[in-house]
Amino acid sequence: MSPQDALVAVMIACSASDQNMRTAELVAIQNMVNFMPVFSGYDPDRMRRVAQVVFDLFEVEDGLDAFFGLVRSALPERLHETAYALACDVVTADGRHSQEELRMLEELREELGIDRLHAAAIEWGARVRHLLP
């Protein structure tokens, strides 16, 4: 799994955490993969395979632990905050926050060792980017 695959996996996992992947979330993932510099040179066809890995892990006992282990092993520390920011953007893309999504963000924050102050700034940024008029 490449670092970009890990970022995609994080976004998909956060969207799927409430067992309801909304269209706005999927569009947000696609747009980020298409336009963000961190995905430069990434083959978007890999997204389907990455998604299947995430879904397969979510189906097994201790799959969430395996998911986080996979992400930590593929993602360099310098991209941990990027992963959290992308996850926050996906969760806020539809203007709703389920309890499952918020718990997933909390677990992601802990697993990646995101400082609370940095997490608050990232969360605030995502919230204001996705405010409705």
- For G125, the lone unmet condition from (1) assigned to a helix (DSSP H, G or I); (2) out of contact with any Leu (no Cβ under 8 Å at 6 or more places or on another chain); (3) open to solvent by 20 Å² or more (accessible area, probe 1.4 Å) is (3)
- Counting only residues in region 110-121 that are part of a helix (DSSP H, G or I) and acidic (D, E), the one surrounded by the fewest Cβ atoms within 10 Å (Cβ to Cβ) is identified as E110
- Taking only region 24-47 into account, find how many residues are among the aromatic types (F, W, Y) and under 15 Å from the mean Cα position of the chain (by Cα). 1
- Return the pairs, sorted by first residue and then second, in which the second residue is part of a helix (DSSP H, G or I), the first residue lies in region 23-40 and is among the acidic types (D, E), the beta carbons are less than 6 Å apart, and the residues are 6+ apart or on different chains. E25/S15; E25/V90
- Task: May I ask you to list pairs of residues, at least six apart or on different chains, whose Cβ atoms are under 8 Å apart, with the first in region 115-130 being in contact (Cβ under 8 Å) with a residue 12 or more places away in the chain and within 14 Å of H80 (Cα to Cα) and the second being acidic (D, E) and open to solvent by 50 Å² or more (accessible area, probe 1.4 Å)?
- Result: H118/E81; I122/E81
- Note on the structure: Counting only residues in region 40-52 that are buried (at least 17 other Cβ atoms within 10 Å of the Cβ) and out of contact with any Ser or Thr (no Cβ under 9 Å at 6 or more places or on another chain), the one farthest from L108 (Cα to Cα) is identified as M47
- Given the residues M32, M21, which is the only one that is touching a helix residue (DSSP H, G or I) at 6+ places or on another chain (Cβ under 9 Å), open to solvent by less than 80 Å² (accessible area, probe 1.4 Å), within 17 Å of D5 (Cα to Cα) and not β-branched (V, I, T)? M32
- Message: Yes or no: region 58-66 includes at least one residue that is free of Cβ contacts under 8 Å to residues at least 24 places away in the same chain and closer than 14 Å to D18 by Cα.
- Response: yes
- Return only the number of the condition from (1) open to solvent by 60 Å² or more (accessible area, probe 1.4 Å); (2) of a type in the set (D, E, K, R); (3) more than 12 Å from the chain's Cα centre (by Cα) that E107 does not satisfy. (3)
- Query: What residue, among those in region 62-84 that are among the aliphatic types (A, V, I, L, M) and open to solvent by 30 Å² or more (accessible area, probe 1.4 Å), is nearest to M32 (Cα to Cα)?
  - Reply: L70
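The values are calculated or read from the model by the stated rules, or taken from the named source; none is laboratory data. Because the structure is a prediction, the values reported are computed rather than measured. Don't worry about glycine lacking a Cβ; one is built from the backbone with ideal geometry, like all the others, and counts go over all protein chains shown. Ligands, DNA and RNA are stripped out before the accessible areas are found, and what is left, the full protein with its side chains, is counted by its heavy atoms. Shrake-Rupley method; radii C 1.70, N 1.55, O 1.52, S 1.80 Å.
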